[in-house]
Amino acid sequence: MLCYVYFGRYELSMVFLGLTAVGALALYRSKRSDGASLLLVAHGILAVICAISLIDAPIASVPRSVHLFLLPLAAGAAFTFERRDRYGTLIFPLICLAAFAVFAVGALDSLAPHMSPPLEVRVWGARLNTATSMLLVAGIFAIYRIDSGRRLRMERELGRAVRNGEIEVHYQPQVRDSGIVSGAEALVRWRHPSGKLLSPDVFIDLAEESALIGEIGLEVLRQACETLNHWSSVPRTRALRLAVNISPVQLLDGSLVSSVSSIIREAGIDPTLLEFELTESALATDAAAMIERMEVLESTGVSWALDDFGTGYSSLATLRTLPVRKLKIDRRFLAEATRQESAQQLLGKIIEISHVMGMTALAEGVETPDQRELLIGLGCDHFQGYLFAPPMPRPELHAWLDSQRLPLPVG
């Protein structure tokens, strides 16, 4: 931009100043890691490249070069977005490649604003743009190669995790408004061969994509049922319930029902104390098939909870057809409700919907007494979060339960 000021091309300086502002906005949003923010950043960069490419029309012996940056943008998007994000991994890269082709054949040259930078700037700019864009492409492919190698190693290690006894289950208590502990949620952890304890955010997506999730999920259920079996042998913990997450990939597996029934039977537990959790976003794939499989599993005696409610795609009509007895409200609603009146009203409506449909509402991510009081005021009476206890291994959970109020056994 300063170069154009030096050569007296102030109109071009203003164009690039505006484009710089777009880039700054994209950079600001890039600090957030959610898919929407990444897409905003990608579109901001695309707008900048296309705008400059339009100005960068061929002149004399200097070819257009800025459009070359569309190649690393397309490759970066294809490798950065999650595979399930079809727009980010396929459609957006195709848009970039289409724009590259348009500029490469000069289809928009007639729209160029006839305010090209000085020839000296164009010559050096073309050389620099070509070298930089090619280095970016090479760098992206090098990063992808390294990432693919790391991913393959992790997949091989994860494939041996169940056999090597590396899958661990931690438990986070669930508490009623009266302070009585109603049960806990079983949360998977992976004790990596390096000794590090990995959270599911690190490996669950890989497990689902590589079909290892079935084996891992059944191991979690097996350990959870062992815990329920232990609880049933002690009068004080006999009424505690246990929630286990079920992946949508697992749910569509034809052998899941027989495997679950076998584990429950071998553990000798009361299936009515077992609750399966399914994320709301899972219903975006094949809701009818999901619901059918949920109903079959419910017939074995287990119950269902809808996890992360409010972040997925289910409508109220779909919600009515689900064999769900509990809605788990995503922690983001609670965090926003403490800052915004409108978010608080929305949270209240979600809790009201659960009551109208005869379901229990459980709020996740409760971390402060103020949040707990807010939820009680809105009608929510089941909580889970660090205010009460963090996820912990079974021995620590049992030690924690010794000092808590527990529900009385039925009968």
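The figures follow:
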read-out	value
Of all DSSP beta bridges in the chain, antiparallel share, percent nearest 5	40
For the stretch 166-401: span of alpha carbons on each principal axis (Å, largest first)	47, 42, 38
Neighbour net charge for residue 50 - beta-carbon separation under 14 angstrom, K R +1, D E -1	-1
Estimated dipole of the chain in Debye, rounded to 20 [Cβ of Lys and Arg +1, of Asp and Glu -1, Cα centre]	840
Net charge over other residues, Cβ less than 15 angstrom from the Cβ of residue 184 (K, R count +1; D, E count -1)	0
Extension gain (nm, one decimal) between residue 320 and residue 286, 0.36 nm per residue minus Cα-Cα	10.6 nm
Rounded to the nearest 20 debye, dipole of the stretch 94-167 from Cβ charges on Lys, Arg, Asp, Glu	420
The chain, relative contact order [Cα under 8 Å, separation at least 6], %	12
Likely footprinting exposure, 402, 205, fewest C-beta neighbours within 10 Å first	402, 205
Listed peptides 131-139, 65-73 by packing density, highest first (mean Cβ within 10 Å)	65-73, 131-139
Charge dipole of the chain about the Cα centre (unit charges at C-beta), most positive-ward option of 181, 125, 197	125
In degrees, nearest ten, helix 341-356 long axis to first principal axis of the chain (Cα)	40
For the chain, with +1 on Lys and Arg beta carbons and -1 on Asp and Glu, the positive-most of 333, 290, 105 along the dipole	105
Cα-based helix-to-principal-axis angle, 92-104 vs the chain, degrees rounded to 10	10
Extended-chain gain in nm, criterion 0.36 nm per residue less alpha-carbon gap, residue 230 and residue 127	30.0 nm
Charged-residue dipole, Cβ positions (Lys, Arg, Asp, Glu), the stretch 323-411 about Cα centre, Debye nearest 20	280
Residues 400, 304, 124 arranged by fewest to most Cβ contacts within 10 Å	124, 400, 304
By average C-beta atoms within 10 angstrom, highest first, the peptides 268-276, 156-164, 359-367	359-367, 268-276, 156-164
Principal-axis tilt of helix 369-378 within the chain, Cα atoms, nearest 10 degrees	80
Residues of the stretch 289-306 with amide N under 11 Å of the 7 Å Cα→Cβ point at residue 266	none
Calculated from backbone phi, Karplus (6.51, -1.76, 1.60) coupling profile of the stretch 144-152 in Hz, x at Gly/Pro	5, 5, 5, 5, 5, x, 5, 5, 5
Computed Rg/Rh of the chain, alpha carbon atoms with Kirkwood Rh	1.10
Among 261, 52, 221 the positive-end extreme of the charge dipole of the chain (Cβ point charges)	52
Distance histogram in 5 Å bins (all Cα pairs of the stretch 193-304, percent per bin)	2, 11, 21, 23, 18, 13, 8, 3, 0
Under 9 Å, Cβ to Cβ, from residue 206 - net charge with Lys/Arg +1 and Asp/Glu -1	-3
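Readers should treat all values here as calculations from the given coordinates under stated rules, not as data from a laboratory. Remember, it's a predicted structure, so these values are computed and weren't measured experimentally. Note: ideal-geometry Cβ built from the backbone for every residue, glycine included; neighbour counts use all protein chains shown.
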